[in-house]
Every structure is written in structure tokens, then in C-alpha cells.
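The values are calculated or read from the model by the stated rules, or taken from the named source; none is laboratory data. All figures in this text were calculated on a predicted structure; none of them were measured in a lab. When we count neighbours, we look across all protein chains shown, and the Cβ atoms used for this are built from the backbone with ideal geometry, even at glycine.
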Amino acid sequence: MSRREGSLAPQADSSVSLLPHLEAKIRQTHSLAHLLTKYAEQLLQEYVQLQGDPFGLPGFSPPRLPVAGLSAPAPSHAGLPVHERLRLDAAALAALPPLLDAVRRRQAELNPRAPRLLRRLEDAARQARALGAAVEALLAALGAANRGPRAEPPAAAAAATSASAASGVFPAKVLGLRVCGLYREWLSRTEGDLGQLLPGGPA
Amino acid sequence: MPAGRRGPAAQSARRPPPLLPLLLLCVLGAPRAGSGAHTAVISPQDPTLLIGSSLQATCSVHGDPPGATAEGLYWTLNGRRLPPELSRVLNTSTLALALANLNGSRQQSGDNLVCHARDGSILAGSCLYVGLPPEKPFNISCWSKNMKDLTCRWTPGAHGETFLHTNYSLKYKLRWYGQDNTCEEYHTVGPHSCHIPKDLALFTPYEIWVEATNRLGSARSDVLTLDILDVVTTDPPPDVHVSRVGGLEDQLSVRWVSPPALKDFLFQAKYQIRYRVEDSVDWKVVDDVSNQTSCRLAGLKPGTVYFVQVRCNPFGIYGSKKAGIWSEWSHPTAASTPRSERPGPGGGACEPRGGEPSSGPVRRELKQFLGWLKKHAYCSNLSFRLYDQWRAWMQKSHKTRNQVGRRDPSPSPLPTGPAR
């Protein structure tokens, strides 16, 4: 592997070829992101169904307020260098598990007879961790790992836990919807960003 | 026993919210300074109510700039807009709602009551829990598999429909001493069941009851008192074999082994056999099979396939005087009675010989039977070829017996139904 400073887009310089195992790793991680995006869709559908109308109705649009420790991908995300995008993806994936755990705990009170939803939320937290670790490993292999201070998931987790437990039921339902929506958005974003690394992808 | 008690039909007790952490500031209901947007607060938040009761609620708007108006606000419940005549403006910033004769909640997470701005945007929400307190669970029954565990089942009161999540907890304790214990493995044999896997005492009675709790109250079943030894069941008898009794057209011999798990304990087993004709759903039961491991079924139809099952009741363990509990039935075992040797329709003379490709009605029926056995009896090796081999063997051994004369009417070693 040749370390390059600056841009991480190997396909931008056709003279640089990725090592086969690194290319395989990128493909593998991209496939994982693709699969998890599908699961995230299913999670969202199951979630809205169990909260009751109007959550599942077309046109239902609660305010998309930001969640502490995690925001939606910015409109400028697509314009960033791919290594920066992947760093943001990894950071978001690291912030998601405690939020998903908090949603699961609240849903365990609200929907105790919905084991499939609870299992999906538990799986989602685990899968977000796994994909985030895979993206970070790729960044390290590509020489673009984040060496600076990172967001602290434990603080976000504490906030998520206490807030989720204290808020009214309707706000908790809305918050859960927001978290599940962010989960889907970030997975989709990660899948797209990884796709840029695949040979033959756009520069 | 204390009767089931009903909790007050009032708003559920809520923990007082702490100072809003950062996350909650971002959740619906908090104002955004300087944004020009309005938010609101619904009162009461997340009330719990009895079916048929009424609810008075308010939606109070606040925001920036101040002086937000209640004009134009409206309510929805579970996504459906409520008629305007149910609402009235209390003051410039508060819209009231009056709902009467409430139905049970549509979902267990609560009915969604939402206050909307004129443009349809959501200002605030509250979840209603409308239902009934639980009624007394009843009809508790328990059994112990081989004295190692205890499984109990019960019926929820009022057929279980409270419209609210109702938690059922099976409790048990030794009658004369010991603390209350709570069963932990639920839904093992249905939605209202629990399994206690270990640490059970014998020769001393247990008290068992079920507590049902929801947001509107709780109820407790009557106490069931039992000794583990009085409610023992066991596995079905293994190794059930069904075979012909020589050439007797109307008899089959059934043999089995007593359940091994209880073989070291002093008990008298009772057995029951049931059998039916292949195409029938009506079982005949042979009841009078006590402490034996074989039985001969008689009065059967010749040339007919029968399915047979056996079950065991291990009564009298360690001197228990109670009846014991029947095991499950063993897997079905099949065998056929010999065809009648009298000439006539359906007689053996018309059957095609083994190996012939004829597709007469007998072979067609047999093909269906083999297909069914493969699917239901875990025996994947059955085939027409095997059946033809067996027929050839049968004819050969029948010729041999006819040559030397009939000696012993004991069942010939015929292939029986598929092994379990």
C-alpha cells in the first residue's frame, strides 16, 4: 500500500492500485452498509407501525429537531473529500448505538409485547458499532484515520438515557422516530461514500 | 384472599422530570428562542383512564413572538381530526378539548392526542391510556416433568382484554416457610404460562398464585396449593412398535418401553393407547392398560393401515395418591393388518406383483401414504422400491411358513412404522 498525503481517492490517480485485500475490504464494508440500510428501513417501518397513527400515516411530519450528539448529514457532506466524509460517517455510527439503546429501553416500556421491534433496535446498535469499526479500519488502512479528539459517546448516552426516561410518551415516540430516521440516513450516506472508493466509482 | 383491587381512574403517576438535559431541549415541546416558531404543552400528559370515562385536556401555546393565539389550533387523535365542536378556546393561548365515553386504547403504546397549529404542524402531543384494570386470573394448572421442574398455566381474567399492557407474574412459596419467589421464564407453553426450571422441593406443598398488574390496578388469583409429587408427568413412552400378529387379519400387536426418566422411582404407570384408521380423524382409545408395556389390538379391519399412539401416566410416585398427569402422546406409529385371504374385491389376488410398473389404486394410495410418512414421520428413506422389496420378502416367507405349517402365532418380524 502506498501512503499518500492529501486526497484519499485512489481512483483519482490511475497509477495507484489498491492492494487486492484492501479493495476486498472496501467491497465487503460497502456490502455491509448496503445490507444494514435495508435493515434500517425495516426497523423504521416496524417502529412507526407500533407507535400508532399518525406515525405511520403519509404526510406525518413532526419537527425534525436535532438530537444531542448527532445531526443529520449536512447538505455540504457530499462536497467534502471522501476521507472527511468517511470520518463523519464513522463518528455518526459511533454516536448512534447509545441513542438506539435509549430508544430500545423506552420502547421496552411502551411496547413490551413487541419483541421483534426490541430485537431490531438491539441489533441496530450492534450493527452500527460494527459498521463504524469497519469504516474506521478502512480509514486507518488508507492512512486517513482521525488522530484528533473524538466525540464522546458515553456523554451522549447519559443524556439520551435520562432524557428518554424523563420525557412524556409522545415526545419519546417522536425522539425514537428521529433516531431511527437518523440511523437510516447515516447508513445510506455511508453506503454512498464507500461506493465512491470502489474501483470504477466516481472520482 | 384479598380481592382484586382497582386503582384510581386518574392520571398515571409520573416521575417529576429533572432539569431538561441537552437532549430533551431538542425534543418536541421546547421553544426555540428567536426562531419565530411556536410550541405548546398539552395537559394532562399521558393520562390513564377507564373505558367510558371523559377527558378534559388543554393545549397551551407559547413561543416567540409572545402572545401566540389559540385561534386556528385543532386536535387529532390517532391521526384523525377531532370535530371542532369538541374544542373551545379558553383564552388567547389555550384551546380546550372535551372527550366523552372513551374507547379502549388502540395500541399499547398509547393513543396519540396531538395539538396542531393552523398550518397542520405539530405543536405538542400526549398519549392516552384507556382501558380496564385487570381481573383476577384463574384456572391455574401446573405440572412437573419428571419431578425436575414446574410449569404452570393460567387464564387471565376477563379474557385478558384490558386494552392496556398487563403484566402477569407467577409467584410461589413453600407453604409453611420460605419467601415469595417469582417465576422468570414466561410464555413457555402459551402466552399465560411460566416455567420454574430448578430448585424445587419434594414432599412439601407449594403455594402458587398469579398477580396481574396494569396502569389501572392489580388483581391476584386464588392460591393453588400442590405437592410436586402429585402433578408429575413424564415423556411419552419411547420405542413404540406396532406389528402384525402372524396372519391374523384383525389384530395388531403394540409394544413400547416405559419412560426411562422415571425408571428409578417407585411408581405404577398407567398407559393409554389410541389408534385410528389412516383416513379417519376419529381415535379409538384403549384405556385399560395398566403397568404393561404391550397390548394386542383386536377387532380391526383387514388390509387397513392404522396409526397408533401411546401415552403414560406416572401415578403413585413415592406413594402419592393423586392421579398423575398424562404425558403427551408418542409419535404416531403405523402398521397395516393383513389383507383378507377370502377372494373378492380388494383381495390379494388382484394386487400387482412386486416390481411391476402397474399404477393401480393400491399402489397409488401407497404412494400417497409414503409421501405423507416422509413428511410427517421423519423417515426419508421410504420408497416404492423398499415397499416392493418388502412384498417380495413377505411372499417368500409366507410360502416358507405354508410349507412347514403354522407353528407360532407370535407376530412376524414385519417392518413397523418409521422410527421416532
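Per-structure values
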read-out: Matching option when the condition is in contact with a helix residue (DSSP H, G or I) (Cβ under 9 Å, 6 or more places away or on another chain) and either at pLDDT 95 or above or not aliphatic (A, V, I, L, M) (or both), among B:Gln45, B:Gln56; value: B:Gln45
read-out: Conditions (1) away from chain B (no Cβ under 13 Å); (2) closer than 15 Å to A:Gly181 by Cβ; (3) at pLDDT below 90; number of the one not met by A:Ser61; value: (1)
read-out: Residue check, B:Glu85 away from chain A (no Cβ under 14 Å), surrounded by fewer than 20 Cβ atoms within 10 Å (Cβ to Cβ), assigned to a loop (DSSP other than H, G, I, E, B) and not small (Gly, Ala, Ser); value: no
read-out: Residue in region A:31-43 that is of a type in the set (Gly, Ala, Ser), more than 14 Å from chain B (Cβ to nearest Cβ) and not in a helix (DSSP H, G or I) present; value: no
read-out: Residues that are out of contact with any Cys (no Cβ under 6 Å at 6 or more places or on another chain) and either of a type in the set (D, E, K, R) or crowded, with 18+ Cβ neighbours inside 10 Å (or both), drawn from region B:247-259; value: B:Glu249, B:Asp250, B:Gln251, B:Leu252, B:Ser253, B:Arg255, B:Trp256, B:Ser258
read-out: Index of the failed condition, A:Ala114 passing every other in (1) within 14 Å of chain B (Cβ to nearest Cβ); (2) touching a residue at least 24 places away in the same chain (Cβ under 8 Å); (3) over 30 Å from B:Tyr168 (Cα atoms); value: (3)
read-out: Residue check for B:Thr337: closer than 21 Å to B:Leu370 by Cβ, in contact (Cβ under 8 Å) with a residue 60 or more places away in the chain and crowded, with 16+ Cβ neighbours inside 10 Å; value: yes
read-out: Subset of region B:108-131 (residues that are at the interface with another protein chain (Cβ under 7 Å from one of its Cβ atoms) and part of a loop (DSSP other than H, G, I, E, B)); value: B:Gln108, B:Ser109, B:Gly110
read-out: Filter pass, B:Lys171 being in contact with an Asp or Glu (Cβ under 6 Å, 6 or more places away or on another chain) and either in a strand (DSSP E or B) or over 30 Å from B:Asp111 (Cβ atoms) (or both); value: yes
read-out: Residue identified as at pLDDT below 85 and facing chain B (nearest Cβ under 10 Å) among A:Ala145, A:Ala160; value: A:Ala160
read-out: Which listed residue is modelled with pLDDT of 95 or more and among the aliphatic types (A, V, I, L, M), from B:Leu202, B:Leu224; value: B:Leu224
read-out: Considering residues of region B:92-120 that are over 46 Å from the mean Cα position of the chain (by Cα) and farther than 21 Å from B:Ser53 by Cα only, the residue surrounded by the fewest Cβ atoms within 10 Å (Cβ to Cβ); value: B:Asp119
read-out: Residues located in region B:175-204, provided they are buried (at least 16 other Cβ atoms within 10 Å of the Cβ) and in a loop (DSSP other than H, G, I, E, B); value: B:Cys183, B:His192, B:Leu200
read-out: Residue match in region A:125-140 (condition: at pLDDT 95 or above, more than 14 Å from chain B (Cβ to nearest Cβ), closer than 30 Å to B:Ser105 by Cβ and part of a helix (DSSP H, G or I)); value: yes
read-out: Counted residues, region B:207-255 - those being over 20 Å from B:Val277 (Cα atoms) and either part of a strand (DSSP E or B) or of a type in the set (Phe, Trp, Tyr) (or both); value: 17
read-out: Residues of region A:25-57 that turn out to be farther than 21 Å from A:Arg129 by Cα and either touching a strand residue (DSSP E or B) at 6+ places or on another chain (Cβ under 6 Å) or modelled with pLDDT of 90 or more (or both), as a count; value: 11
read-out: Test: residue in region A:66-75 that is buried (at least 16 other Cβ atoms within 10 Å of the Cβ), away from chain B (no Cβ under 14 Å) and outside any helix (DSSP H, G or I); value: yes
read-out: Number of positions in region A:15-62 that are under 19 Å from A:Val103 (Cα atoms) and touching a residue at least 40 places away in the same chain (Cβ under 8 Å); value: 15
read-out: Filtered residue count, region B:61-112, keeping only those that are at negative phi and touching a Pro at 6+ places or on another chain (Cβ under 6 Å); value: 0
read-out: So A:Gly56, is it within 12 Å of chain B (Cβ to nearest Cβ), under 17 Å from the mean Cα position of the chain (by Cα) and not hydrophobic (A, V, I, L, M, F, W, C); value: no
read-out: Test: residue in region A:149-157 that is at pLDDT 85 or above and outside any helix (DSSP H, G or I); value: no
read-out: Search result, residues across region B:216-257 that are over 30 Å from B:Pro133 (Cα atoms), under 23 Å from the mean Cα position of the chain (by Cα) and among the acidic types (Asp, Glu); value: B:Asp235
read-out: Region B:132-156: number of residues that are at negative phi and either in a strand (DSSP E or B) or within 14 Å of chain A (Cβ to nearest Cβ) (or both); value: 14
